[in-house]
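*Asks:* Could you have a look at this structure, given as structure tokens, before my questions?
The values are calculated or read from the model by the stated rules, or taken from the named source; none is laboratory data. Values in this document were obtained by computation on a predicted structure and should not be read as measured data. Counting neighbours? That spans all protein chains shown, and the Cβs are built from the backbone with ideal geometry, glycine included.
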Amino acid sequence: MRLRVLSCALVLAALVAGCGGSTPEETETPDDALTIYSSLPLQGPGAERSRDIVDGEKLALAASGGRIGPLTISYRSLDDAGPEGGWKPDETVDAARAAAADVTTIAYLGDFEAGATALSLPTTNAAGVLQVSPGTSYDGFTGGRGAGTGEPEKYEPSGARTYARIPPPDAAQAAAMAAVLDEHGCRRAAVLTAESAFEVSLGELVADVLARRGVRVAHTEQVRADPELEAHADAAQAVVDAGARCVAFAGTIVDEPASLLEALRAADPALRFVLPMGLADAELARALAPVAEATTIVGPPPPSTGFAERFAEEFGRQPGPWAQYGHTAMRRVLEAIEAAGENGNDRTAVTESYLALPRPAEDLALWQPGPDGLRLERRLPAT
């Protein structure tokens with residue numbers, strides 16, 4: 001049987017180069033060919049991080065030679081960012097629909113932000129496509145402690161689970177964020193969040209852990225990203241008025257964290273800050289250089305030595321901390337295809353094989369921002 005599908009077939013010599021775009025040509029593809037899609041914001045804020053993830057995925061696929069038994073594996077990297085950068089709802093939905101409509105699709109590696117996953121997951125789930133996120137940590141997609149009412153069921157129209165993630169869940173990073181402030185002797189904290197429900201959920205988890213550690217949460221607030229910085233100045237003053245000595249902020253790189261922290265620092269130079277793993281980004285770290293000595297970012301662990309060497313040899317640069325998450329996502333999908341045996345081209349069988357794999361270790365690390373990007377403070381014990 002031969003099928004007319006959307007494809008971007010990779011031969012071994014072109015495995016690492018990959019291919020992009022969201023409007024591939026129609027070609028005839030044999031039914032022993034599979035496609036793994038990736039969807040990340042490849043423009044604007046976070047583009048460096050996304051490039052690392054994509055290159056990590058390519059490296060894992062290249063190591064397999066682009067084949068699992070008789071199956072040829074192709075890779076499609078889609079950009080869900082708008083022209084001005086940052087993920088956009090329409091682009092995210094289009095990427096998920098493209099993957100779901102391609103009959104060769106066996107897995108979808110995406111997204112990075114929880115808001116994007118909330119839009120893509122119902123589409124991939126309805127099509128029975130395994131979705132593995134290299135970046136989203138929100139508990140609601142798997143039913144963890146931070147899940148809201150009706151979650152994760154509302155993202156699963158098929159009634160079956162098809163989603164997994166590589167990063168630790170929000171509950172794990174909330175515990176790490178609270179521990180950072182506690183270790184620095186903070187006994188009176190403020191918890192600020194972006195307006196997204198996903199960031200509010202993380203903020204609530206942080207506040208809960210702080211309270212259980214005996215740290216008083218003196219102020220909580222949802223802060224609007226404001227180009228004029230008025231909202232940031234007002235939030236900073238509210239933190240000072242509450243007598244907080246440290247601040248946990250839950251937000252994304254498009255929520256202008258650098259300007260918020262600078263406003264807080266201007267209001268009280270003695271404040272201490274902790275940020276979530278979604279802000280472990282080299283470009284943002286450089287923007288945070290003015291408050292670097294007072295800031296800790298909870299993030300992924302540093303890449304292993306062997307992986308870093310292979311990555312640098314292939315791409316001519318050192319990998320950031322997210323690159324290995326991309327590599328792990330692709331590697332585990334390939335393992336699931338292989339474990340499914342003669343059913344390696346069956347979406348349900350591959351999803352079941354993936355979900356039967358041991359869960360990734362919940363490793364985290366602490367990073368400090370600076371003019372050269374992220375600097376490792378220390379690894380945290382795996383949970």
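*Asks:* Tally the residues that are in contact with a Gly (Cβ under 9 Å, 6 or more places away or on another chain), hydroxyl-bearing (Ser, Thr, Tyr) and closer than 20 Å to Pro167 by Cβ, restricting the search to the stretch 338-383.
*Replies:* Result for the stretch 338-383: 1.
Listed here are the residues, each with its yes/no results for (1) among the aliphatic types (A, V, I, L, M); (2) assigned by TED's automatic domain parsing to the domain that holds Met177; (3) over 23 Å from Pro152 (Cα atoms).
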site: Ala197; (1), (2), (3): yes, yes, no
site: Ser201; (1), (2), (3): no, yes, no
site: Val206; (1), (2), (3): yes, yes, no
site: Leu210; (1), (2), (3): yes, yes, yes
site: Arg213; (1), (2), (3): no, yes, yes
site: Val217; (1), (2), (3): yes, yes, yes
site: Thr220; (1), (2), (3): no, yes, yes
site: Ala231; (1), (2), (3): yes, yes, yes
site: Asp234; (1), (2), (3): no, yes, yes
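*Asks:* Moving to a separate point now. Can you pull out the residues in the stretch 236-254 that are surrounded by 24 or more Cβ atoms within 10 Å (Cβ to Cβ) and either within 26 Å of Thr136 (Cβ to Cβ) or of a type in the set (Phe, Trp, Tyr) (or both)?
*Replies:* Selection gives Val247, Ala248, Phe249, Ala250, Gly251, Thr252.
*Asks:* Oh, and also: Is at least one residue of the stretch 138-155 among the polar types (S, T, N, Q), in a loop (DSSP other than H, G, I, E, B) and over 19 Å from the mean Cα position of the chain (by Cα)?
*Replies:* If we filter the stretch 138-155 for residues that are among the polar types (S, T, N, Q), which is where we start, we get 142, 149.
Of the ones still in play, those that are also in a loop (DSSP other than H, G, I, E, B) are 142, 149.
Filter once more, keeping what is over 19 Å from the mean Cα position of the chain (by Cα): 149.
Within the stretch 138-155, one or more residues are among the polar types (S, T, N, Q), in a loop (DSSP other than H, G, I, E, B) and over 19 Å from the mean Cα position of the chain (by Cα).
*Asks:* Return the only residue of Leu61, Leu109, Leu71, Leu119 being touching a Ser or Thr at 6+ places or on another chain (Cβ under 6 Å) and in contact (Cβ under 8 Å) with a residue 40 or more places away in the chain.
*Replies:* Working: Leu61 fails: touching a Ser or Thr at 6+ places or on another chain (Cβ under 6 Å); Leu71 fails: touching a Ser or Thr at 6+ places or on another chain (Cβ under 6 Å); Leu119 fails: in contact (Cβ under 8 Å) with a residue 40 or more places away in the chain.
Matching residue, one of Leu61, Leu109, Leu71, Leu119: Leu109.
*Asks:* Still on this structure, I have one more. Tell me yes or no: at least one residue of the stretch 279-292 is charged (D, E, K, R), touching a strand residue (DSSP E or B) at 6+ places or on another chain (Cβ under 9 Å), at pLDDT 95 or above and part of a loop (DSSP other than H, G, I, E, B).
*Replies:* The answer is yes, given that some residue of the stretch 279-292 is charged (D, E, K, R), touching a strand residue (DSSP E or B) at 6+ places or on another chain (Cβ under 9 Å), at pLDDT 95 or above and part of a loop (DSSP other than H, G, I, E, B).
*Asks:* What are the residues in the stretch 285-306 that are in contact (Cβ under 8 Å) with a residue 24 or more places away in the chain and under 15 Å from Asp52 (Cα atoms), if any?
*Replies:* Those that are in contact (Cβ under 8 Å) with a residue 24 or more places away in the chain and under 15 Å from Asp52 (Cα atoms): Gly299, Pro300, Pro301, Pro302.
*Asks:* Right, here's the next one. Can you list the helices (runs of 4 or more DSSP H) found entirely within the stretch 294-383 that contain at least 3 residues being on the phi < 0 side of the Ramachandran plot and among the charged types (D, E, K, R)? Quick ask: steps written out before the conclusion?
*Replies:* On the way: elements: 305-315, 323-339, 347-356.
Because the criterion is at least 3 residues that are on the phi < 0 side of the Ramachandran plot and among the charged types (D, E, K, R), the helices (runs of 4 or more DSSP H) in the stretch 294-383 that meet it are 305-315, 323-339.
*Asks:* Give the stretch 53-96 a look and list any residue that's surrounded by 24 or more Cβ atoms within 10 Å (Cβ to Cβ) and in a loop (DSSP other than H, G, I, E, B), or say none.
*Replies:* Passing the criteria: only Asp80.
*Asks:* Identify all residues within the stretch 176-215 that are touching a residue at least 60 places away in the same chain (Cβ under 8 Å), assigned to a loop (DSSP other than H, G, I, E, B) and hydrophobic (A, V, I, L, M, F, W, C); write none if there are none.
*Replies:* Cys186, Ala194
*Asks:* In the stretch 97-125, what residues are under 21 Å from Ala33 (Cβ atoms), of a type in the set (A, V, I, L, M, F, W, C) and not in a helix (DSSP H, G or I)?
*Replies:* Residues satisfying the conditions are Val103, Ile106, Ala107, Leu109.
*Asks:* Now for a different question. So, in the stretch 86-120, exactly how many residues are at pLDDT 95 or above and among the basic types (Lys, Arg)?
*Replies:* Qualifying residue count, the stretch 86-120: 1.
*Asks:* Let me ask something additional. Checking Thr124 against (1) in contact with a helix residue (DSSP H, G or I) (Cβ under 7 Å, 6 or more places away or on another chain); (2) surrounded by 24 or more Cβ atoms within 10 Å (Cβ to Cβ); (3) within 22 Å of Glu195 (Cα to Cα), which single condition isn't satisfied?
*Replies:* (3)
*Asks:* Now a separate question. Contact list please: Cβ distance under 6 Å, first residue in the stretch 231-254 and among the charged types (D, E, K, R), second residue assigned to a loop (DSSP other than H, G, I, E, B), pairs at least six apart or on different chains.
*Replies:* Within 6 Å, the pairs are Arg245/Cys186.
*Asks:* Is the stretch 198-220 home to any residue that is at pLDDT 95 or above and touching a Cys at 6+ places or on another chain (Cβ under 9 Å)?
*Replies:* Taking every residue of the stretch 198-220 in turn, at least one turns out to be at pLDDT 95 or above and touching a Cys at 6+ places or on another chain (Cβ under 9 Å).
*Asks:* Here are some conditions: (1) surrounded by 17 or more Cβ atoms within 10 Å (Cβ to Cβ); (2) of a type in the set (A, V, I, L, M); (3) touching a residue at least 40 places away in the same chain (Cβ under 8 Å). Ala101 meets all but one. Which one does it not meet?
*Replies:* That leaves (1) as the condition not met.
*Asks:* What residue, among those in the stretch 222-274 that are among the charged types (D, E, K, R) and part of a helix (DSSP H, G or I), is nearest to Ser201 (Cα to Cα)? Quick ask: steps written out before the conclusion?
*Replies:* Initially, the stretch 222-274 is screened for residues among the charged types (D, E, K, R), giving 224, 226, 228, 230, 234, 241, 245, 255-256, 262, 265, 268, 272.
Then drop every residue that is not part of a helix (DSSP H, G or I), which leaves 230, 234, 241, 255, 262, 265.
On the way: Glu230: 24, Asp234: 22, Asp241: 24, Asp255: 16, Glu262: 24, Arg265: 25 Å.
Checked the stretch 222-274; the qualifying residue nearest to Ser201 (Cα to Cα) is Asp255.
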